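Structure first, commentary second.
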Amino acid sequence: MVESIVVPAREGRAVLVNVGERVRIVDLDGQQVGDLFVFAADDVAEYASAEHTRVALSRLFPAVGEPFLTNRRRPIATFIEDRSPGFHDMLCAACDSTRYAQLGVIGWHASCQENLLGAMVALGHRDIEVPQPINLFMRVPVLSDGRLAWEPAATAPGDSVTLRAEIDAIVVLSACPQDLTPINGPGPTALAIELLDRA
């Protein structure tokens, strides 16, 4: 491992990853969802797109060995290892201030959208699209009648997934602040971004 970056509970972090390099996302304490965003380093108008990935792979949820595609339909990262129970979501939008207001929050609440925007501003990118994230460790099964169930993440401390960059990319991870639905178990905790090598 070259470097480990802790993403504190309810916060987000961004890291530059070169083509061919591997990134491991670790759930440090268990039952924590991570909203993952990946942007092309040379043009942040191109980004990992859950909707384009679903169409290309004909599946609702990601599988090891398969790529995540961008909104321009080219691979940006490949899912190469899953050391978790295997629940990951590609259906749900990032939480934002409107979502929390709808859940009854009065005033400010941390959100994955705000975490994404803050992390990208720190790298000098002030005007970006907010894509639908790849929601790592998030357990939202589709029920037989088409409804979604909101289940606590099934991860244990140290569970992880590993991706390989297919182009130079900016990887952004938000330790989801959601505390009004059960997806983060007893409450939000920290994640880590581990850079495994330098190509």
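Values for this structure:
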| quantity | calculated |
| --- | --- |
| Accessible surface, 1.4 Å probe, highest first, among residues 174, 84, 58 | 58, 84, 174 |
| Spin-label pair residue 2/residue 198, simplified geometry with 7 Å Cα→Cβ offset, distance in nm | 0.6 nm |
| Listed candidates (i) 1.18; (ii) 0.94; (iii) 2.53 - label of the one calculated as Cα Rg over 2.2 N^0.38 Å | (ii) |
| Low-density loop cleavage sites - GluC sites (Glu not before Pro) in the stretch 66-142, where at most 16 other Cβ are within 10 Å (DSSP) | 129 |
| Solvent-accessible surface (1.4 angstrom probe) belonging to residue 11, in square angstrom, nearest 10 | 70 Å² |
| Surface share of carbon and sulfur [accessible, 1.4 angstrom probe, percent] for the chain | 50 percent |
| Signed unit charges on C-beta, dipole axis of the stretch 1-71, positive-most listed residue 14, 4, 28 | 28 |
| Listed residues 180, 36, 117 arranged by accessible area, highest first, probe 1.4 Å | 180, 117, 36 |
| Inter-site label distance for residue 74 and residue 122 at 7 Å from Cα along Cβ, in nm | 2.8 nm |
| Total charge dipole magnitude, the chain, about the Cα centre, Cβ charges on Lys, Arg, Asp, Glu only, Debye to nearest 20 | 240 debye |
| Probe 1.4 Å, all protein chains present, accessible-area order of 42, 145, 89, 159, largest first | 42, 145, 159, 89 |
| Estimated [θ] at 222 nm from DSSP helical runs (n ≥ 4, -39500 (n - 2.57)) normalised by residues in the chain, nearest 500 | -3500 deg cm²/dmol |
| Cα principal axis extents for the stretch 56-171, largest first, Å | 43, 42, 30 |
| Inter-label distance, nm, simple model (7 Å from Cα along the C-beta direction), residue 101/residue 147 | 2.7 nm |
| Contact order relative to length of the chain, as percent, for alpha carbon pairs under 8 angstrom and 6 or more apart | 47 percent |
| Magnitude of the charge dipole, the stretch 38-143, Cβ model with Lys/Arg +1 and Asp/Glu -1, debye to 20 | 260 debye |
| Whole-number accessible area per residue in Å² for the chain, which is evaluated in the context of all protein chains at 1.4 Å | 44 Å² |
| Residue 64 - accessible surface, heavy atoms, 1.4 Å probe, Å² rounded to 10 | 80 Å² |
| Gap separating the Cα centres of the stretch 130-164 and the stretch 30-73, nearest whole Å | 13 Å |
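The values are calculated or read from the model by the stated rules, or taken from the named source; none is laboratory data. Computed from a predicted model, the values in this text were never measured in an experiment. As a convention, Cβ positions derive from the backbone with ideal geometry for all residues, glycine included, and neighbour counts pool all protein chains shown. Heads up: the accessible areas ignore ligands, DNA and RNA and are worked out on the full protein's heavy atoms, side chains in. Shrake-Rupley method; radii C 1.70, N 1.55, O 1.52, S 1.80 Å.
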